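The values are calculated or read from the model by the stated rules, or taken from the named source; none is laboratory data. Predicted, not measured: the structure shown is a model, and the values here were computed from it. Cβ placement follows ideal geometry from the backbone for every residue including glycine, while neighbour counts extend to all protein chains displayed.
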Amino acid sequence: MDQPVSPLPPMPGQRLARGVARLLRSMDHAVLTEFVPAPGLRVDLISLGPKGELWIVECKSCRADFAADRKWQGYLDWCDRYFWAVDCDFPVDLLPGDTGLILADPYGAEIGRMAPEARLPGARRARVVRDFGRAAALRLQGTVDPEALSAGAF
């Protein structure tokens, strides 16, 4: 039996996110895309590692995409490690040196520079983990019963 071919996401940042998610999954992290840790913030990827660590990854497809990002420093308060994900053509010298770096394409990724760790306080960690779990469960339920999702049941 042939396996279905997964279509590539249409946007460059989504393509990077797919490769990064594959890397993180290979590291035993659970991954969510387009996660809202707090009102006004939306991260490209957040992952929950096997020891409860929370990583945020922002995918940047070009210089202009990076220059337009005005919120990234606000994401630091919601994770233990913060990474940028870019492709091999991105000018990495633009990225702050005190953040992590992931080199990615639609099919995979590798960590180029490990992000420094800044452990979240317990109450903040509990909130993010709770919200991560709820978002994951609601998304899963939406795939099982999309009509309930569109009817506002979630």
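Kindly provide the set of residues from the stretch 55-79 that are over 10 Å from the mean Cα position of the chain (by Cα) and within 17 Å of residue 116 (Cβ to Cβ), ordered by number.
Listed by number, the residues that qualify are 72, 73, 75, 76, 77, 78, 79.
Need the failing condition index for residue 121 against (1) under 13 Å from residue 54 (Cβ atoms); (2) touching a helix residue (DSSP H, G or I) at 6+ places or on another chain (Cβ under 6 Å), just the number.
(2)
Enumerate the pairs (first residue in the stretch 71-97 and on the phi > 0 side of the Ramachandran plot and surrounded by 14 or more Cβ atoms within 10 Å (Cβ to Cβ); second residue anywhere and outside any loop (DSSP other than H, G, I, E, B) and of a type in the set (Ser, Thr, Tyr)) with beta-carbon separation below 9 Å, excluding pairs fewer than 6 apart on the same chain, so at least 6 apart or on different chains.
none
(1) part of a helix (DSSP H, G or I); (2) surrounded by fewer than 11 Cβ atoms within 10 Å (Cβ to Cβ): which one isn't true of residue 148, the others all being true?
Here residue 148 meets the rest and fails (2).
Of all residues in the stretch 32-46, count the ones that are under 11 Å from residue 135 (Cα atoms) and either within 8 Å of the chain's Cα centre (by Cα) or assigned to a strand (DSSP E or B) (or both).
The total comes to 4.
Scan the stretch 92-137 for residues that are aliphatic (A, V, I, L, M) and assigned to a loop (DSSP other than H, G, I, E, B) and report the count.
Here the count works out to 5.
Any chance you could count how many residues in the stretch 79-89 are part of a loop (DSSP other than H, G, I, E, B) and touching a Cys at 6+ places or on another chain (Cβ under 7 Å)?
Counting residues in the stretch 79-89 that are part of a loop (DSSP other than H, G, I, E, B) and touching a Cys at 6+ places or on another chain (Cβ under 7 Å) gives 0.
Examine the stretch 49-61 for a residue that is modelled with pLDDT under 95 and within 19 Å of residue 17 (Cα to Cα), and state whether such a residue exists.
Within the stretch 49-61, one or more residues are modelled with pLDDT under 95 and within 19 Å of residue 17 (Cα to Cα).
Scan the stretch 21-31 for residues that are without any contact (Cβ under 8 Å) to a residue 60 or more places away in the chain and in a strand (DSSP E or B) and jot them down.
Listed by number, the list holds a single entry, 31.
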